[in-house]
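Comments concern the structure below.
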Amino acid sequence: MKKRQLRRNKNKFKRLSLTFIVLVIVLSGTIFVLSWSKAQHSHAKSDNGTSLSTTAEVKESTSLTSNSKKQIIYPTIYITGSSGSVTPVDWLVQRLLPIENVPAHKSLAITADTNKNNILKIEGQISQDNQYPMIEFGTVKGTDSGSIYSAGLQKVVSYLMQNYQIPWINLVGYSSGGTGAVYYMIDTANNPNFPPVNKYVSLDGEYNKGTNLQYGESLTNVLQNGPLIKTQMYQYIEENYERISPKVQMLLLEGDFNSAKQTDSAIPWADSFSINHLFKNNGNEITSTLYPTKTSHSQAPKNPTVVKYVKNFLYGTP
C-alpha cells in the first residue's frame, strides 16, 4: 500500500516538474519577444514629433512588404551642393514653410557616407499627417560627381520605398546637386524599383563643369542648340537624356548676379541652362528662368524670389 502511494507521489512530482519546465520555457520566450520588440521600437520613427537619428544599411531591392500596410507619401527630395552638408537646402526648406493647403512639412535629413558604401544617416521623422514630406539630402563628403550623387540618391529612395508607398517623387537639385538629380533620373529610368519623378527644379544647377560662353557664342545659342564645349559631365547627360520620361516637368532657375559676366558668381548661365535644349527636344515641359538677385551662388537658397518660384512650381502656392 505504501509502495503504491510512493509511486503515485513520484508520478505526480514528475508531472508537476514537467509543467514547471514548460512554464519556464514559455515565460522565457515571452521575455525575449518583449525585449526584441522594445529594441525594434527604439529605432522606429517617432509619432510624437521627437527627432530621431539612426544609421541604415539599405537592401539593394525594394521590400516585399505589402503596399497596403505602408503609409502613402509623395516626397520632395532637396539635394544639396558640393559642400556635402544639408545646411544650404535646409535654408530653402525653412523659407518654404508654411505651405498653405498642402500637407507638406519638413521631415527627414539624410546623408549618404560615400566613404562607407553610402551608409545612410537619417535624422527626423515622417508623421502620419505629412503626405508630402520635404526630405533633405547630402553626400557628407563634398563632390560634384553626378555618379556619386546618383548612387547615394538611389540608396535614399530605396530606403524610402522599403518603408513607404510612393507613387512619385519630386527632386530639387541645388548647384552640383542638380548634376546628381539628372544623373539619378537617367540611371533609374524605367527601373520598377524606383518611383517616377513628377517635377524637377534646378537651382543654379551645374551640368557642364562650370564652362563659360565661348568666343562668338551667345546664351541664345546655348538655349537652342547647346554649348560648343562639352565636358564629360555634359556628355553623359547628352548621350542619355532621352531615357528620362518626357512627363517630368522641369524648372531651371539661374541667378542674375553679374550680368556682364553672365554668371550667378559661381555657375555661368551657359552652364546652368546648357540642358534646356535637350529636354525641349525630349518633349518635357521645361521653363528656364533668370531670376534677379543681389546674393551670390552660395546664398541662392535664401533668396526670396527663389522661394516664390519653387513654392509655386512644386506646391501651387505663392
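Key figures
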{"item": "Estimated vicinal HN-Hα couplings, Hz - the range 172-180 in sequence order (Karplus 6.51, -1.76, 1.60; Gly, Pro = x)", "result": "10, x, 9, 6, 5, x, x, 4, x"}
{"item": "Euclidean distance of C-alpha centroids, the range 287-318 and the range 146-193, integer Å", "result": "22 Å"}
{"item": "Phi to ³J(HN,Hα) by Karplus 6.51 cos²θ - 1.76 cosθ + 1.60 over the range 142-148, Hz, x for Gly, Pro", "result": "x, 7, 10, 7, x, 5, 5"}
{"item": "Cα gyration tensor category, rounded, prolate or oblate, for the range 113-207 with a/c compared to 1.5", "result": "rounded"}
{"item": "Listed residue pairs exceeding 32 Å between alpha carbons, taken from K121/K308; K155/K294; K199/K261; K155/K261; K155/K280; K116/K280", "result": "K155/K294; K155/K261; K116/K280"}
{"item": "J(HN,Hα) series, the range 262-269, from Karplus relation 6.51 cos²θ - 1.76 cosθ + 1.60, nearest Hz, glycine and proline x", "result": "6, 8, 8, 4, 10, 10, x, 4"}
{"item": "Where GluC sites (Glu not before Pro) fall in DSSP loop in the range 212-275, at most 16 other Cβ within 10 Å", "result": "E217"}
{"item": "Two-decimal Rg to Rh for the range 242-318 - Kirkwood Rh, Cα set", "result": "1.00"}
{"item": "Surface/4 estimate of mean projected area, convex hull on alpha-carbon atoms of the range 158-254, nm²", "result": "6.6 nm²"}
{"item": "Dipole of the range 225-318 [Lys/Arg +1, Asp/Glu -1 at C-beta], most positive-end residue of H297, T263, G283", "result": "H297"}
{"item": "With 5 Å bins from 0: P(r) over the range 168-318, alpha-carbon pairs, percent", "result": "2, 10, 20, 24, 20, 14, 7, 2, 0, 0"}
{"item": "Cross-link reach list, aspartates and glutamates versus K106, counting only Cα pairs under 18 Å and skipping chain neighbours closer than eight places", "result": "D47, D90, E123, D129, E136"}
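None of the figures in this text is laboratory data; all of them are computed from the coordinates on show. From a predicted model like this one, the values you see are computed outputs, not experimental measurements. FYI the Cβ positions are ideal-geometry reconstructions off the backbone, even for glycines, and counts take in every protein chain you see.
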